[in-house]
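Written out below as structure tokens is the structure these notes cover.
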Amino acid sequence: MAKVVRGVDDYKKEFLRLFDSLCGKYSRWEVWSDFIQLTAIDMSNATDKVNAPKRMETGKTIRKKYRDADMETMGNMLMQLVYGMDADTDQDFLGELYMACNLGNDHAGQFFTPYNVCQCMSEITYDVPALLDGKGFIAVNDPACGAGALLLSFANICKRKGINYQEKVLFVAQDIDYTVGLMCYIQLSLMGCAGYVVIGDTLINPCTAYDKKGLLPAGDPERIWFTPLFSDGIWYGRRLAAQMDLLISGSSRKSPENVNSFTEKPEKVADSPAKDTKKPCSFTEPAKAAAPVSTPVSTKKVETWKPAELNETKNGQLTFF
């Protein structure tokens, strides 16, 4: 018997069918936003101990709105997303569906750049091998990331050129739209990209870091979403080394409160959802998160850290496309 091979379009069609089945009691935008939040929260809570308790409560509040059957449907939507990106990583799965469903904010000028245009921009902008010459890794930043098409295309170009982007590239993204920023976070996480997504206005509050390499981002920890790979392996070691450099170079000054949380070794990085067509993925109640480690604060008056510019010629930004 011939094996049925499904393409990316098949996964998108099934995703939309499942999505439409939930759009009765709640609006299309609300269902989409809830699905994105639940997916991002479950990914984040696997490694981010500091933000896990509050995000877990947000997830519980969202789950209370839906029946068990609805949550199972959302789990199937996640399955289609994972299968679709696995079938072809060189695409903007969520971004294309988002615009196809007319969920973009036209009044705010929210129009995602087509993926093929992003490919062209990434290809002609930088010679990646030359940038990596003599460096352990490079950092790229999209200050208006949308669903992450520009960064995803850059990762795929690195792969085609034989560059291990999972170890050689730090991905940094920022967007003012909470839901859209989490869409970027989800796709970067599924692609195995190490980095983080910052939710906020780039013009008013651009992302900065306590170190010049961007490994220890500054600002409110609640608006920073770290990808799972950024909390493990070589990136854990790099962040630990960056923290040690801060302590050594300024031992008389107080280190930022949230730096310690960046280098807490997670118990385990979440595995990608298994491909099991018999048992659909489902959003279950996450395990209770470990309490954040509290650090005693000295009463001695000390000088506080100020966020360092990541690139002095870019007003605190990392490398721009």
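Restricting T61, T73 to those that are at pLDDT 95 or above, in a helix (DSSP H, G or I), surrounded by fewer than 14 Cβ atoms within 10 Å (Cβ to Cβ) and among the β-branched types (V, I, T) reduces the list to T61. Could you tell me whether the range 181-191 includes any residue that is in contact with an Asp or Glu (Cβ under 9 Å, 6 or more places away or on another chain) and more than 18 Å from S33 (Cβ to Cβ)? Yes, the range 181-191 contains a residue that is in contact with an Asp or Glu (Cβ under 9 Å, 6 or more places away or on another chain) and more than 18 Å from S33 (Cβ to Cβ). Looking only at residues in the range 22-40 that are without any contact (Cβ under 8 Å) to a residue 60 or more places away in the chain and not in a loop (DSSP other than H, G, I, E, B), the one that is surrounded by the fewest Cβ atoms within 10 Å (Cβ to Cβ) is E30.
The values are calculated or read from the model by the stated rules, or taken from the named source; none is laboratory data. Remember, it's a predicted structure, so these values are computed and weren't measured experimentally. Cβ sites come from the backbone with ideal geometry, for glycine too, and all protein chains shown count toward neighbours.
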